[in-house]
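The structure under discussion appears below in the form of structure tokens.
The values are calculated or read from the model by the stated rules, or taken from the named source; none is laboratory data. Fair warning: this is a prediction, and the values are worked out from it, not measured in the lab. A quick note on method: Cβ atoms are made from the backbone with ideal geometry, for glycine too, and the neighbour counts reach across all protein chains shown. Ligands, DNA and RNA are stripped out before the accessible areas are found, and what is left, the full protein with its side chains, is counted by its heavy atoms. Shrake-Rupley method; radii C 1.70, N 1.55, O 1.52, S 1.80 Å.
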Amino acid sequence: MKLDHVLLALLSFRPYSGYDLRKWLEIEGQFIRSRAHHSQIYRVLARMMADGWVEYEVDPREGRPDAKVYRLTPLGREELLAWVRSPYEPVSRFQDVDFQARFGFTAALDREAAIRMVDTELDYRRAQITRNRDRDRTLRFENPLPELDTRLVQQVFDRMHTRGAAWADQWVEWLEEMKCWLEEAS
């Protein structure tokens, strides 16, 4: 997921200055986007301006530098909705932050697209669980280091698998609940 789409989605809420976008990403958005440096945000905003997706007005600030306050253009709205409605491609790691960010914004802008996204994620995760849940997880060793406790490492990896399987099950359960909620809320 590109930072462009996160910024466009935020600008669908209200106009923001670059500083306010960075603050939002650091606080409210900390679970949907890893830290974005202010220079990165301003580079993306400049590119989005050049693409015609955003425009800004100068907000004079007494005793401080003036702020550019950005807002979506009609072209930016089209780009955002195209992203929201585009096919979702799951990645191998469940609970991926890209899913979280895209889903949150998609649900706010197009409930049907959000339901399709959840369906895609559910299908992928269920197939992933079926492929991996009961596979042979025996680790193979050939001339291991003398310090390597092969029995212990097998036990550790088995426990990690058990925990990961529980997390995957919780993720599927959450997706199923979210789908029902979205369908009932429409």
Taking the stated definitions as given, is residue 81 under 21 Å from the mean Cα position of the chain (by Cα), open to solvent by 60 Å² or more (accessible area, probe 1.4 Å) and not polar (S, T, N, Q)? no
Mind listing just one residue for me: the one in region 84-104 that is part of a helix (DSSP H, G or I) and not hydrophobic (A, V, I, L, M, F, W, C) and, of those, farthest from the chain's Cα centre (by Cα)? 85
Screening 99, 13, 105, 94 for residues that are open to solvent by 50 Å² or more (accessible area, probe 1.4 Å) and hydrophobic (A, V, I, L, M, F, W, C) leaves only 13
Every pair of residues 6+ apart whose Cβ atoms lie under 6 Å, when the first sits in region 59-88 and is closer than 19 Å to residue 108 by Cα and in contact (Cβ under 8 Å) with a residue 12 or more places away in the chain while the second is open to solvent by 80 Å² or more (accessible area, probe 1.4 Å) and among the acidic types (Asp, Glu): 73/55
Test residue 22 against the stated conditions and say whether it is closer than 20 Å to residue 102 by Cα and either assigned to a loop (DSSP other than H, G, I, E, B) or without any contact (Cβ under 8 Å) to a residue 24 or more places away in the chain (or both). yes
Could you say which residue among 107, 165, 127 is in a helix (DSSP H, G or I) and under 27 Å from residue 8 (Cα atoms)? 107
In this structure, is residue 44 open to solvent by less than 30 Å² (accessible area, probe 1.4 Å) and among the aliphatic types (A, V, I, L, M)? yes
Take the conditions part of a helix (DSSP H, G or I) and open to solvent by 60 Å² or more (accessible area, probe 1.4 Å) and apply them to residue 112. Does it pass? yes
Are any of the residues in region 63-72 small (Gly, Ala, Ser), open to solvent by 60 Å² or more (accessible area, probe 1.4 Å) and in a loop (DSSP other than H, G, I, E, B)? yes
